Amino acid sequence: MLSYIIRRLLVCIPTVFLVITLVFFAFQLIPGDAALIFAGEQASQEQIAQIRSDLGLDKPVFEQYSIYLQRLLKGDMGKSAITGRPVFLEIKSRFFNTVRLAVVATVVSSIFGIVFGTISALKREKPADYVISVLSIFGISIPSFWLALLLMYFFSVKLKLLPTTGNASLKHYIMPTIVLSVYSIAFIARMTRSSLFEILGEDYVRTAREKGMKERIVIAKHVLRNALIPVITVVGLQFGYLLGGAVVTETVFAWPGLGRLLVTSVEQRDLMVVQGVLLVFATSFVLVNLLIDLLYGLVDPRIRFN
Amino acid sequence: MDTLNHIKNNFHFFFKNNKLGTIGGIIVILFILIAVFAPYLVTYSPNQIDLTSALKSPSKGHIFGTDNNGRDIYTRVVFGSRISLSIAFISVTLGAIIGVTLGLLAGWFKRSEMIIMRLVDVLLSFPGIIVALTIISILGTDVKNMIIAVTFSQIPQFARLTHGQVLSVKEREFVTSSVTVGADDLWIMQKCILPNILSSIIVQMSILIPSAIMMAASLSFLGLGVRPPTAEWGSMLQDSVKWFRMAPHMMIFPGLALMLVVFGFNTLGDGLRVALDPRMKNR
């Protein structure tokens, strides 16, 4: 197991490096004077000159790249052109709001997704299966921002039960969690269903049944344990998706997280912040993928020796 | 064409055995017809402002009601289908062309494989909307850039699919024998490989169209795509936010249209996947 962990960790490093490089060169494509754009519209001549020398924008591209890497190593992601605060601080104050919401949504969607998917598979071709299948296609099709508006209208405006925006109390989590989870619940339910189908047809399941094992034990011990292995990957991927899905949900509910920061920064062309948020998102995705791989190796020993 | 026959043979099977897929297909065709014949289906113009009848609830004259500028919401929803469908078709087609080309290169030429697939993997590890936002932040906000952004988020999906397919077709006898007799690479790709992977590409396109529609609408909703006053579902929903206490009908109908069209494409895509993949038939 240890060698597996080390191998996975080593694969991560070039990926993060590649993302950092990709982001750097993507931002080289910006049309116009980069110093002017990075400094923002309200910047004075001195500020622009300051940024030009800080980033080495008057130097050749590869020198700029090495300056960029050195700055990142020191944790320096530049300053926001709008607030003037260091990008690192802007991100730090919002990062955990996004993670908290994504974790809650992941837990909720895994529980409901797996339960619905299992019911659907065990009641194959019966009314319960049809209802869950159709609902999950709706769950995948409903636009998250529309669902958010509908929920806000009913629960906040009509029934006055839930607060519309912000993240001050536990009540504030309810609607964003629902909006974020619906797609994932549907997705996980569909995956669980098809994964269960596959396992239910395996020889060892037939054997277990034929030797007179109780159906409940067959399902719990032989079927679910094996069927949930691929579901782990999906849950992990959904966590990544939920971090990204935060972009829309956070904006609608005015949730002070990274997604909303990204949208407002793109809107205001505060590119230093955009760059910083992208790097943080990227690193998080790589780490989440690493975690899935490790978990996968833990539950399925076959993977480790591959 | 092999693929077309394949689809034709499966057509009957598809409609007989896949009710949900058939419903999806009908919804999709309906929306395409609405988009094509939009001007004939309405009595107002989508941008006709009439402040005396602003924020009216649905009535006989305005079946979906009017918005804050007194524009007829039904008309705008009908015209919105044009924008959403054309953006989705354009970006998925472009994404398919570029992605399939990259996938072919990666699958056929060993030397390019490493670089292309590594980039594809990195891009795939991001949610599409983040990739799209990155591109918009670099290029700036307008419709053209949004189409580029949505296209870009489709490319890696097509590249990965094609790459995998090429690797398996490559080992088949008719390809190896073509290589042996000295056929050139381009000819093999065109005549041997592409026809064999076409059906999976078509299925992939039908699966990615709804996600492209959704992404374009999300970007417009965030104010980073189609801008007002153009009638587009996402930006109509953005407009509705300010008025939703007084005029909830402003948000109901554009969202409903968006959900229906995505639902239609999703169920159709599911059905097509089953119909074109013989292994799935008995599931």
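The values are calculated or read from the model by the stated rules, or taken from the named source; none is laboratory data. Here the structure is a predicted model, which means the values were calculated and not measured. We place every Cβ from the backbone using ideal geometry, glycine too, and count neighbours over all the protein chains shown. Ligands, DNA and RNA are stripped out before the accessible areas are found, and what is left, the full protein with its side chains, is counted by its heavy atoms. Shrake-Rupley method; radii C 1.70, N 1.55, O 1.52, S 1.80 Å.
Mean partner shielding of peptide B:131-142, defined as the number of other chain Cβ atoms within 10 Å of each residue Cβ, is 6.
Is there a quick way to get the dipole size of the protein assembly as shown? I mean about its Cα centre, with the Cβ of Lys and Arg at +1 and of Asp and Glu at -1; what is the value in debye to the nearest 20?
Numbers: 53 positive and 35 negative charges, 365 e Å.
That gives the protein assembly as shown a dipole magnitude of about 1760 debye.
Can you give the charge dipole size of chain B about its Cα centre, rounded to the nearest 20 debye, using +1 on the beta carbon of Lys and Arg and -1 on the beta carbon of Asp and Glu?
On the way: 23 positive and 15 negative charges, 100 e Å.
Using Cβ point charges on Lys, Arg, Asp and Glu, chain B gives about 480 debye.
Beyond 16 Å, how much of the Cα-Cα pair distribution for the range A:66-134 remains, as a whole percent?
On the way: 1601 of 2346 pairs.
Result for the distance tail: 68 percent.
If you take the alpha carbon radius of gyration of the range A:91-267 and divide it by 2.2 N^0.38 Å, what ratio comes out, to two decimals? Don't skip to the answer; put the middle values down first.
On the way: Rg = 19.0 Å, N = 177, 2.2 N^0.38 = 15.7 Å.
That works out to 1.21 for the range A:91-267.
Note on B:Y44: accessible area approximately 70 square angstrom, rounded to 10, probe 1.4 Å, nucleic acids and ligands left out. For A:K74, the aspartates and glutamates whose Cα falls under 18 Å of its own Cα, not counting residues fewer than eight places away in the same chain, are A:D54, A:E63, A:E90. Between the amide H of A:M77 and those of A:V87, A:F88, distances stay under 5 Å, these residues lying 5 or more places away or on another chain, with hydrogens modeled in the peptide plane. In this view, the solvent-accessible surface of A:K171, computed with a 1.4 Å probe and all protein chains in place, comes to about 110 Å². Just give the residues from the range A:200-249 buried by at least 10 square angstrom of accessible area in the all-chains context relative to the isolated chain, probe 1.4 Å, and say none if nothing qualifies. When all protein chains are present, A:Y241, A:G244, A:V247, A:V248 each give up 10 Å² or more of accessible surface. Counting only other residues whose beta carbon sits under 12 Å from that of A:H222, what net charge do I get with K and R as +1, D and E as -1? Value of the local net charge: +4. Of A:I13, B:I147, B:I32, B:I130, the residue with the largest accessible area leads and the full order is A:I13, B:I32, B:I147, B:I130 (1.4 Å probe).
Volume of the convex hull of the protein assembly as shown (Cα atoms only), normalised per residue: 200 Å³. Counting Cβ atoms of other protein chains within 10 Å of each residue's Cβ and taking the mean over peptide A:136-143 gives 6.
Quick one: which of A:24-33, A:239-248 comes out on top by average Cβ neighbours within 10 Å, and what's the full order, highest first? Walk me through the intermediate numbers first.
On the way: A:24-33: 12.8, A:239-248: 25.7.
The most tightly packed comes first, giving A:239-248, A:24-33.
Between A:S53, A:S195, A:S133, the residue with the greatest mean-square fluctuation in the GNM of chain A (Cα pairs under 10 Å linked by springs) is A:S53. Any chance you could give the angle, 0 to 90 degrees and rounded to 10, that helix B:194-221 forms with the longest Cα principal axis of chain B? Compared with the principal axis, the helix lies near 30 degrees. Against the main long axis of the alpha-carbon atoms of chain B, helix B:110-124 sits at an angle near 30°. Site-free segments of chain A were taken between GluC sites (Glu not before Pro) in DSSP loops having at most 13 other Cβ atoms within 10 Å, sites themselves excluded; the longest one is A:126-306. Beyond 25 Å in Cα-Cα separation lie the following of the pairs A:K171/B:K242; A:K123/A:K221; A:K123/A:K171; A:K92/B:K242; B:K110/B:K191: A:K123/A:K171; A:K92/B:K242. Given in Å, the Rg to one decimal and the Dmax to the nearest whole number for the Cα atoms of the range A:2-73 are 16.3, 55.
The solvent-accessible area of B:H163, taken with every protein chain present and a 1.4 Å probe, is close to 30 Å². Scaled against the 2.2 N^0.38 Å expected of a compact globular protein of N residues, the Cα radius of gyration of the range B:194-248 reads 1.63. Quantify how much of the Cα-Cα distance distribution of chain B extends past 27 Å, in percent. Tail fraction, whole percent: 49.
The slack between A:F96 and A:F17, meaning 0.36 nm per residue of separation minus the straight C-alpha distance, is 26.1 nm.
At an R0 of 45 angstrom, the distance between the Cβ atoms of A:R206 and B:I26 translates into a FRET efficiency of 0.65.
Can you give the net charge of the other residues whose Cβ lies under 15 Å from the Cβ of A:L149, counting K and R as +1 and D and E as -1?
Result for the neighbourhood of A:L149: 0.
Within the listed set B:K191, B:K144, B:K170, the residue fluctuating most in the Gaussian network model of chain B (springs between alpha-carbon atoms under 10 angstrom) is B:K191.
How much length is gained if the chain between A:K59 and A:I30 is pulled fully straight, taking 0.36 nm per residue apart and subtracting their Cα-Cα distance, in nm to one decimal?
Values: separation 29, 0.36 × 29 = 10.44 nm, distance 1.65 nm.
Between A:K59 and A:I30, full extension yields an extra 8.8 nm.
Mean per-residue shielding of peptide B:212-221 is 3, counting Cβ atoms of other chains within 10 Å of each Cβ.
Let me know the whole percent of all Cα-Cα pairs from the range B:125-283 that are separated by more than 23 Å.
Working: 6840 of 12561 pairs.
Tail of P(r) above 23 Å: 54 percent of Cα pairs.
Applying Stokes-Einstein at 20 °C and 1.002 mPa s to the Kirkwood radius of chain A, computed over alpha-carbon pairs, gives a translational diffusion coefficient of 96 µm² s⁻¹.
Taking chain B as a Gaussian network, Cα atoms linked when under 10 Å apart, which of B:T134, B:T180, B:T75 shows the biggest mean-square fluctuation? Taking springs between Cα atoms under 10 Å, the residue moving most is B:T180.
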